[in-house]
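Below is one structure, written out as C-alpha cells; the observations come after it.
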C-alpha cells in the first residue's frame, strides 16, 4: 500500500490535470469522510459550469465545504474528520487579494497546515513559468502566488506537478541541492 502523506501539494498549469491528480491522491487518504474544500465563488455562468463539472466528477461520496476566504478555519474545523481536498489555492489567494494584503492569511494557513492530523491535498496553479505581466496588479498577484506556493511546498510532505495530464513527483526527493 502507498504511504499516506499528511500534506500534499499538487501544482500545474491550466487544464494540466492537477485537479484529477489531486482527487486520485486524496482517494488514497485512508478511511473516513472525503471533504472537498472549495475556494471558488460562482461569479458568472462559466465558473458555475466549471464548479458543476468538478462536483459531478467527484461524485456523491464527497462532502463540500465552501471556504472562499477562511481556508485555515475550514481546515482546522475539519481536522480529524477524514481526508480534505482544497481546490484551489490560486482562487483563494485571488479572493484575499481583492480585500487587501493576503500575507497574514497565508501565514495562518501555513500554521494550520503544520498542525493537521488528517491528510490534506491542496491544488494550486503554477503561474511563474510565463512572461512578466504588463500591469502592476498582475505582477503583484504572480509574486504573492509564487511566495505562497513556496511556503506551502516547504510544509508539504509530498509535492506533485501535473504537465499535459502526466504526474511529476517533486517531493520527496532523494536529495536536494
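The values are calculated or read from the model by the stated rules, or taken from the named source; none is laboratory data. Given the structure is predicted, the values throughout are model-derived calculations rather than measurements. Counting neighbours? That spans all protein chains shown, and the Cβs are built from the backbone with ideal geometry, glycine included.
Suppose we filter the stretch 109-127 for residues that are assigned to a loop (DSSP other than H, G, I, E, B), more than 14 Å from residue 146 (Cβ to Cβ) and without any contact (Cβ under 8 Å) to a residue 40 or more places away in the chain; how many remain?
Just the residues of the stretch 109-127 that are assigned to a loop (DSSP other than H, G, I, E, B), to begin with: 115-119, 124-127.
Remaining after also requiring more than 14 Å from residue 146 (Cβ to Cβ): 115-119.
In the following step, the residues that additionally are without any contact (Cβ under 8 Å) to a residue 40 or more places away in the chain were identified as 115.
Total satisfying the criteria: 1.
Here are some residues: 38, 98. Which one is free of Cβ contacts under 8 Å to residues at least 60 places away in the same chain and buried (at least 17 other Cβ atoms within 10 Å of the Cβ)?
None of the others qualify; the one that does is 38.
How many of the residues in the stretch 3-24 are buried (at least 22 other Cβ atoms within 10 Å of the Cβ) and closer than 19 Å to residue 74 by Cβ?
Residues in the stretch 3-24 being buried (at least 22 other Cβ atoms within 10 Å of the Cβ) and closer than 19 Å to residue 74 by Cβ: 4 in total.
Looking at the stretch 136-145, can you tell me whether even one residue there is touching a helix residue (DSSP H, G or I) at 6+ places or on another chain (Cβ under 9 Å), surrounded by 17 or more Cβ atoms within 10 Å (Cβ to Cβ) and without any contact (Cβ under 8 Å) to a residue 40 or more places away in the chain? If you could, list the steps in order and put the result at the bottom.
In the first step, residues of the stretch 136-145 are kept if they are touching a helix residue (DSSP H, G or I) at 6+ places or on another chain (Cβ under 9 Å); the result is 137, 140-141, 144-145.
Okay, now just the ones that are also surrounded by 17 or more Cβ atoms within 10 Å (Cβ to Cβ), so 141, 144-145.
Filter once more, keeping what is without any contact (Cβ under 8 Å) to a residue 40 or more places away in the chain: none.
The answer is no; no qualifying residue exists.
Which of the residues spanning the stretch 47-69 are more than 13 Å from residue 36 (Cβ to Cβ) and touching a residue at least 12 places away in the same chain (Cβ under 8 Å)?
Within the stretch 47-69, 68, 69 meet the criteria.
With the checklist (1) out of contact with any helix residue (DSSP H, G or I) (no Cβ under 6 Å at 6 or more places or on another chain); (2) surrounded by 12 or more Cβ atoms within 10 Å (Cβ to Cβ); (3) farther than 11 Å from residue 87 by Cα in hand, flag the one item residue 61 doesn't pass.
(2)
Please list, ordered by residue number, the helices (runs of 4 or more DSSP H) wholly in the stretch 1-99 having 3 or more residues that are at pLDDT 90 or above and at negative phi.
Passing ranges, in order: 18-27, 71-78, 89-97.
Please indicate, with yes or no, whether at least one residue in the stretch 27-34 is in contact (Cβ under 8 Å) with a residue 60 or more places away in the chain, under 22 Å from residue 172 (Cβ atoms) and either under 13 Å from the mean Cα position of the chain (by Cα) or surrounded by 15 or more Cβ atoms within 10 Å (Cβ to Cβ) (or both).
yes
On the given criteria, is residue 106 touching a strand residue (DSSP E or B) at 6+ places or on another chain (Cβ under 9 Å), surrounded by 14 or more Cβ atoms within 10 Å (Cβ to Cβ) and touching a residue at least 40 places away in the same chain (Cβ under 8 Å)?
Considered against the rule, which asks whether it is touching a strand residue (DSSP E or B) at 6+ places or on another chain (Cβ under 9 Å), surrounded by 14 or more Cβ atoms within 10 Å (Cβ to Cβ) and touching a residue at least 40 places away in the same chain (Cβ under 8 Å), residue 106 comes out as no.
Scan (1) touching a residue at least 12 places away in the same chain (Cβ under 8 Å); (2) part of a loop (DSSP other than H, G, I, E, B) for the single condition residue 130 breaks and write down its number.
With (1) touching a residue at least 12 places away in the same chain (Cβ under 8 Å); (2) part of a loop (DSSP other than H, G, I, E, B) applied to residue 130, the lone miss is (1).
Any chance the stretch 148-164 includes a residue that's out of contact with any strand residue (DSSP E or B) (no Cβ under 7 Å at 6 or more places or on another chain) and not in a helix (DSSP H, G or I)?
Among the residues of the stretch 148-164, at least one is out of contact with any strand residue (DSSP E or B) (no Cβ under 7 Å at 6 or more places or on another chain) and not in a helix (DSSP H, G or I), which makes the answer yes.
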